[in-house]
Amino acid sequence: MFPAPPDASGGPPPPSADERLHGERVLAYLRREIAEAGGWIPFADYMNAVLYAPGLGYYAAGARKFGAEGDFVTAPELTPLFGQTLARQLAQVIAEIRDSEIIELGPGSGRLCVDVLAALAEQNALPARYRLLEVSPELRERQREHISAALPDHRARVEWIDRLPECWRGAIIVNEVLDALPVHLIVRRGSDVLERGVTFDAAGDLTLADRALASVGLHERARTRFPAVGDYVSELNPVAEALVASLAQRCEQGIMLLIDYGFPAAEYYHPQRDQGTLMVHYRHRALTDPLFRPGLADLTAHVDFSAMARAGVASGLTVAGFATQAQFLVNCGVLDALGARGDPQSAAYLRAANAVQKLTSPAEMGELIKVLALTRGIEPDLIGFRDGDRAHRL
């Protein structure tokens, strides 16, 4: 999700009456959950609740999230050139695999599916199936409507799934999904290692509170990843690591593309990044209070790509490339695709050029978002990483 700068007018807009009512329901749910847990829950449990609680969480309650009417803009929403360019990398892999399929996790509005399939059809490289793993019934229905209207000739190739497949051959796209998985907030204060959680204060307001870290696994992760000295706060995401490992274990042959905001571990856990990467997205504003309007705002943390690479390799995959989104898209021909848009003075071309600028600019998505490719049984060098491969930094 592209993080817009804070609002210069003094803050985010007030919630609507419907939003206030929904927010009250979310707070009531949190009060019950926290009370049943003894008055405190780990931040990961809070994040899971406000994002995914059925009928209440941000991704489960039906509000519009993507595009100008929502809270953030993802790359596929900016321009079809993103999906068309990504399709060039996918076509290279599909050509190597018999009976290949594409699986997209968290497909949002369905635009990426539409753009990828349309581009693959032009290249005569369509997969046997395109599967969408979507947990939100409301989003699933929007996706069906959009894909059916935009791709009537290829709709039969598209299917929705409720869980990870037992095995897969082809490609898995994980675009801006890992940053929305629940993270643990770990605090090192002097010689103490604590876990940050959420409780209600005496006034009945949500507040953060630290307790001794009980998990041996999280303690070991913090010990090996955090800087050696100094007070420090950052995130750990064992859920994302487990997801990548599970996808890797189910891979017979193919490529897993992880596309998200993030860093290698040396940058993620840099001594100067001592307050972590948590960010709230609301009405195209980036905010830093993780307790802001629970259930109404998106909540994300950047991805530790070194941990994702380790999880994939430990499950038998190979790191085939790691690059910035800008470098990956340029390698895959996004500038050529833009050039084919016709008259450089036309309004359509200028809109496309502006979108490509956002996708590739170091100050916007180009440097902040990375692309990690994990493969099994893929022989050719991937075109997306022929220049600027940073795999050695993982």
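The values are calculated or read from the model by the stated rules, or taken from the named source; none is laboratory data. What you see is a predicted model, and the numbers here were worked out from it, not measured in a lab. Here the Cβ positions follow ideal geometry from the backbone for every residue, glycine too, while neighbour counts run over all protein chains shown.
A few remarks follow.
- The number of residues in the stretch 186-234 that are among the hydrophobic types (A, V, I, L, M, F, W, C), in contact with a strand residue (DSSP E or B) (Cβ under 9 Å, 6 or more places away or on another chain) and under 22 Å from Arg32 (Cβ atoms) comes to 5.
- Among the residues making up the stretch 367-382, a single one is in a helix (DSSP H, G or I) and surrounded by fewer than 17 Cβ atoms within 10 Å (Cβ to Cβ): Glu367.
- When the stretch 279-307 is filtered for residues that are touching a Leu at 6+ places or on another chain (Cβ under 7 Å), outside any strand (DSSP E or B) and under 29 Å from Arg25 (Cβ atoms), the ones remaining, listed by number, are Pro290, Leu291, Pro294, Gly295, Ala301.
- The stretch 108-167: number of residues that are of a type in the set (Lys, Arg) and either in a loop (DSSP other than H, G, I, E, B) or in contact with a His (Cβ under 6 Å, 6 or more places away or on another chain) (or both): 1
- Cβ-Cβ under 7 Å pairs, at least 6 apart or on other chains, the stretch 154-180 side under 11 Å from Arg131 (Cα atoms), far side in a loop (DSSP other than H, G, I, E, B) and of a type in the set (Lys, Arg): Leu164/Arg250; Pro165/Arg250; Trp168/Arg250
- Residues that are of a type in the set (A, V, I, L, M, F, W, C), closer than 18 Å to Pro290 by Cβ and modelled with pLDDT of 95 or more number at least 1 in the following helices (runs of 4 or more DSSP H) confined to the stretch 20-94: 43-52.
- Selected residue [out of contact with any Pro (no Cβ under 9 Å at 6 or more places or on another chain), modelled with pLDDT of 95 or more, among the β-branched types (Val, Ile, Thr) and closer than 28 Å to Ala53 by Cβ] from Thr318, Thr277: Thr277
- Checklist (1) touching a Ser or Thr at 6+ places or on another chain (Cβ under 9 Å); (2) within 28 Å of Ile172 (Cα to Cα) applied to Arg351, failing item: (2)
- For the stretch 68-118, the candidate set comprises residues that are touching a helix residue (DSSP H, G or I) at 6+ places or on another chain (Cβ under 8 Å) and among the basic types (Lys, Arg); within that set, the residue that is nearest to Gly339 (Cα to Cα) is Arg88.
- For beta carbons closer than 7 Å, sequence separation of 6+ or different chains, a first residue in the stretch 249-272 that is of a type in the set (Val, Ile, Thr) and a second that is part of a loop (DSSP other than H, G, I, E, B), the qualifying pairs are Ile255/Ile378; Ile259/Glu176.
- Qualifying positions in the stretch 185-202 - farther than 13 Å from Trp40 by Cα and either free of Cβ contacts under 8 Å to residues at least 40 places away in the same chain or not in a strand (DSSP E or B) (or both): Gly190, Ser191, Asp192, Val193, Leu194, Ala202
- Meets criteria (assigned to a strand (DSSP E or B), β-branched (Val, Ile, Thr) and in contact (Cβ under 8 Å) with a residue 60 or more places away in the chain) for Val356: no
- Residue check for Ala326: at pLDDT 95 or above, closer than 29 Å to Ser234 by Cβ and touching a strand residue (DSSP E or B) at 6+ places or on another chain (Cβ under 8 Å): no
- Applying the criterion of being in contact with a helix residue (DSSP H, G or I) (Cβ under 9 Å, 6 or more places away or on another chain) and on the phi > 0 side of the Ramachandran plot to the residues of the stretch 277-320, the residue that is surrounded by the most Cβ atoms within 10 Å (Cβ to Cβ) is Gly295.
- Selected residue (criterion: nearest to Glu104 (Cα to Cα)) from residues of the stretch 229-273 that are among the charged types (D, E, K, R) and surrounded by fewer than 19 Cβ atoms within 10 Å (Cβ to Cβ): Arg250
- Here the condition is being under 24 Å from Pro107 (Cβ atoms) and outside any helix (DSSP H, G or I); of Gly342, Gly321, Gly316, it holds for Gly321 alone.
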